[in-house]
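The values are calculated or read from the model by the stated rules, or taken from the named source; none is laboratory data. Predicted model, so just to flag it, every value in this text is computed and none were measured. Positions of Cβ are backbone-derived with ideal geometry, glycine not excepted, and every protein chain shown enters the neighbour counts.
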C-alpha cells in the first residue's frame with residue numbers, strides 16, 4: 001500500500017518466506033523522498049508490488065543489467081547463495097517468439113486470463129482497471145500473464161493489446177499462453193515471450209490481476225525484477241539487484257582462463273594440452289570461489 005504524507009511516500013510491503021507464507025517479522029516500511037526517489041531527472045525508479053521487497057534502481061543500473069545475457073545473470077545470481085541453482089528461472093517452454101536484439105529487463109505486472117468461456121460484465125470492466133495498474137508503475141514494466149485454461153485456446157496478445165501495453169510503458173510480455181500478430185508486433189520491438197503461437201483471441205478476458213501467477217514452472221509476484229533474452233527468463237532477487245552488474249562482470253572474468261586459452265588453441269589449429277586445460281579450469285574455479293566469498297557475505 002502507498003500513503004503520501006508530508007512529501008514522503010511510505011510503502012509497506014509484505015515479504016514472503018521461502019515457504020510462501022507471510023512473515024510478520026519481515027514486514028518493512030520504506031520511505032522514499034518524493035523529490036529524490038521518483039523524479040525523471042535522476043532516473044530513479046520506485047518499484048512496488050503486493051508481495052516482495054521495495055527496490056530502488058536507477059535507469060543506469062537497469063541498463064547495465066541489460067548489457068549481460070540471461071545465462072550470465074544466472075551465473076552471477078549463484079554467487080550470492082540465496083537459492084538452489086535449480087530455482088529462479090522459467091522452464092524451456094517459455095521462448096521468445098520474435099527476434100530480440102538485447103535482453104529485456106523490467107518489473108512484473110501480473111494478470112490471469114482465460115479464453116474458453118464468455119466473460120461476465122464484471123470481467124469486461126476489469127480491462128481499464130488493469131491498464132490503470134500498468135500506467136501507475138514507474139519504470140519498465142513486463143506483463144507476466146498466466147493463461148489458466150488447460151490448453152491455450154485464445155491469445156491475450158495481438159497487435160491491439162501489444163500496442164496498448166507499449167503505449168502504457170510496458171516493454172514486453174511473458175506468458176505460458178500464446179501470442180499472435182507476429183509481423184505487426186515485431187515492427188515496434190515489443191518483447192514477446194510465450195509457449196505457443198495462436199490464431200484466435202477466442203473469449204479472452206481478465207480473471208484477476210496484481211496477484212501471484214504461475215508461468216514457466218515458477219511463481220512470479222507483482223513487482224518482481226525479471227531479465228529475459230533468447231535463452232529464457234529469470235527472476236532477480238531484489239536484495240542483490242544493485243550489486244548484480246558487478247557480479248556479472250566477475251562471472252565473465254572467472255571464465256576467461258578457459259575461454260581465452262581454448263580460443264587460442266582453436267586459432268592455432270592445435271589440440272589443447274590437457275595439463276594446460278587443467279590449470280585453466282583450476283584458475284576458473286578459484287576465481288568463482290573468490291566471487292562467492294565476496295558476494296555471499
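Details
- Qualifying residue in the range 39-53 (condition: under 14 Å from the mean Cα position of the chain (by Cα), on the phi < 0 side of the Ramachandran plot and either modelled with pLDDT of 95 or more or assigned to a strand (DSSP E or B) (or both)): yes
- Residue under evaluation residue 228, criteria (1) in contact with a strand residue (DSSP E or B) (Cβ under 7 Å, 6 or more places away or on another chain); (2) assigned to a helix (DSSP H, G or I), criterion not met: (2)
- Failed condition for residue 251, given (1) free of Cβ contacts under 8 Å to residues at least 24 places away in the same chain; (2) closer than 28 Å to residue 64 by Cα; (3) assigned to a helix (DSSP H, G or I): (1)
- Qualifying position, being crowded, with 16+ Cβ neighbours inside 10 Å and under 22 Å from the mean Cα position of the chain (by Cα), among 164, 173: 173
- Scope the range 115-147; condition under 27 Å from residue 229 (Cβ atoms), touching a residue at least 40 places away in the same chain (Cβ under 8 Å) and surrounded by fewer than 17 Cβ atoms within 10 Å (Cβ to Cβ); matching residues: 138
- Residues located in the range 231-248, provided they are in contact (Cβ under 8 Å) with a residue 12 or more places away in the chain, more than 16 Å from residue 102 (Cβ to Cβ) and outside any strand (DSSP E or B): 237, 238, 239, 240, 241, 242, 243, 244, 247
- In summary, residue 212 fulfils each of the numbered conditions (1) at positive phi; (2) at pLDDT 95 or above with the single exception of condition (1).
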